[in-house]
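Quick notes on the structure that follows.
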Amino acid sequence: MAILPLVCWALVITATNSPPTDDVQLFMDPVSDLYSPWGLMEGNPSALTKDPTLQMPNVNYTAGATVFAAFDVQPGTYEIFVAIGRPGEPFHDVNGKLTQNYTGVSVNRYTTTDFISYEGPTTVLFLPNGPSYGVVGNLTLKDGNIWTVKSMDRNETGYLLMAYYGDACAAFYSPMPLASNSFKPTNPDSVNFKDHDDTNLVYSRTTKTWVDMQIMSAPWLCTEAWCGKDPSTNQVVCPQNLSDNGGCAGGPRSVSVRTSTDGITWSGDWGCSDPGPNEPYKPDDRAKCKQYNESGIRRADPVLDPPEMQFYRIRVFYVGNSGRFAAHALQYAASPAEVNNISNYGYWGPYCPDPNGGFDMCHKGHGYGKMHGPHIMEEWWVGSANQTGPEDLQAWARPYKRFRVVPHDVWLMSQPVVYNNMHVWVSDSGVYTVPLYRISGIYAAGNGQFSTRVFTLGETGTSAFYMNLDASWQGNIITGGCDEGCAAYVMVELQNASSGTVLPGYERGNCILMNTTDTHAPLRWKDAPALKPGTQVRMRIYFREATIYAVGQSS
């Protein structure tokens, strides 16, 4: 079958890689992103794919290194941060013994322009393990504990990094530009707070706030008959009394929020109503809720998710230059002790070989029946178009609960950057990509239609409009041509924003797109009259067997 060019009637248009501007509307959420929808439409998420042409920094990732942050330094230059000395889980030897072979964790910065060759590294922070190896500022550290670097983000003036030690979280700040060992603790005399060991830092540009999407333990919502009860505490435990190192009697790992305007003083968990988020922090006590605030918690759905599912980690990021948020959340579930103890089962199995002794690596010696289970997968979360910031927990949607973002055992610890018209994640196992603004889109198997939000025309009028879409054709009939394989089309009309009437010359039949896939396809209407800059319009999109990811105006 011949591949047709992108056509809006008689005008032949070639694909373009022109970068989109901020004036773009994404269609990531099939519920909140569509205006006046008609027909059966559904979200169509994208999985990340490994790009064999792109490389990670040259580091021994099998010996304790984690890529945990990445940023655009300036147009065409990117910085990648690697924590070296301990991976995301406790460092161990082949016998499952916890080792202290590394004196601490080095945070190294690399730069690249092409994700093939890298300059560096520059060590911007070193965190010594235990007081026998020194101290960080005036922090008092337990002997034998080791640091884990968790997450980092930046704002207009500098970088904030979160690290975990023992049972405490500490924040480190560096102004721009970064230099050797330029990070310093924001609270030199103490830790910043005590909580679960997974901090997930993001800076909210709208609220000018540092946001920690903090993992906390929330109470199980299942009944005693379904979950069971711990006789020693008289508390409901995880379903079927599965083997877990902390999320059973303590409650499922769920997403909450801590916030700070300066990186020094942090709120309490928003998931607590007692003590409340604004009550003074007591450094001697790990955060425990006397009463919980469900509006400050995002937990697994009690009906649509497995009853034992938890959220182990979440990484929030801005989707390109759109101003929208998305995230990938790591799902987790415990397993029965009988299988969790088998030596080749899951990540922790090889280090828990005997239910009657040892257990040096059964996740810090919790013992039989309390071992760490395997994770499930990474899942997309999408923020609403009206979300004030990542801390707006109720504005997060989970439309793709059973969709796997990356292959098995690929852990995404870093936020993505935009490179060569792609979102790019550098991980410990490779570089993964998805085309620009194609985290997810809206798909119609039959005929569907919906409207966009209002656009105000710029100086170049409608010539600035573009669409990110996949309306490609495929398949063929043995006698020639194709049937359902050639069903994809997209039509676009322009409407008066206030009245909803179609603007003369901008009817849907004057702009038809077929057999094309493009992240930046120009929209043109045959022989349509020019519209004045400042005119307010909205698009009405008609489509079938196609996915619409975004529409926008180029500058």
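The values are calculated or read from the model by the stated rules, or taken from the named source; none is laboratory data. Remember, it's a predicted structure, so these values are computed and weren't measured experimentally. All Cβ positions, glycine included, derive from the backbone under ideal geometry; neighbour counts span all protein chains shown. The protein model used for the area step is the full one, side chains on, heavy atoms only, and it has no ligands, DNA or RNA in it. Shrake-Rupley method; radii C 1.70, N 1.55, O 1.52, S 1.80 Å.
Observations, loosely collected:
- 12 Å beta-carbon shell around Ser256, net charge (K/R +1, D/E -1): -2
- Among 165-172, 251-258, sorting by the average number of other beta carbon atoms lying within 10 angstrom of each residue, highest first, gives 251-258, 165-172.
- Net length available on complete extension from Ser295 to Asn278 is 4.6 nm, with 0.36 nm assigned per residue and the Cα-Cα distance removed.
- If you wrap region 425-515 in the convex hull of its Cα atoms and look at it from every side, the mean projected area works out to 10.1 nm².
- Structural descriptor for region 421-537: relative contact order 30 percent, calculated from alpha carbon pairs under 8 angstrom and at least 6 residues apart.
- Cα centroid of region 166-235 to Cα centroid of region 368-411, whole Å: 17 Å
- For Ala445, net neighbour charge (Lys/Arg +1, Asp/Glu -1) across residues whose Cβ lies under 15 Å away: -4
- Using a probe of 1.4 Å on the protein chains alone, the accessible area found for Thr66 is around 10 Å².
- Inter-probe distance in nm under a simple model that places probes 7 Å from Cα toward Cβ, at Asn58 and Ser117: 1.1 nm
- For the pair Tyr35 and Glu459, label points projected 7 Å from Cα toward Cβ lie 2.6 nm apart.
- The phi-based Karplus calculation (6.51 cos²θ - 1.76 cosθ + 1.60; θ = phi - 60°) puts the 3J(HN,Hα) values of region 426-436 at 9, 10, 6, 10, x, 10, 10, 9, 8, x, 3 Hz, whole numbers, x for Gly and Pro.
- Using a Förster distance of 41 Å, the FRET efficiency for Gln240-Lys208 (Cβ separation, nearest 0.05): 0.35
- Relative contact order of region 360-510, pairs being alpha-carbon contacts under 8 Å that are 6 or more residues apart, as %: 9 percent
- Positive minus negative residues near Arg544 (Lys, Arg vs Asp, Glu; Cβ under 15 Å): -3
- Entries in Lys194/Lys229; Lys150/Lys401; Lys184/Lys208; Lys50/Lys401; Lys50/Lys208; Lys150/Lys290 that, when Cα-Cα distance is taken, lie over 29 Å: Lys50/Lys208
- Reducing region 289-346 and region 495-555 to their Cα centroids gives an inter-centroid distance of 39 Å.
- As a rough guide to protection, the peptides 292-305, 534-547 ranked by mean Cβ packing within 10 Å, highest first, stand as 534-547, 292-305.
- Each peptide in 32-41, 413-422 gets a packing score, the mean of other Cβ atoms within 10 Å over its residues, and the list from highest to lowest is 413-422, 32-41.
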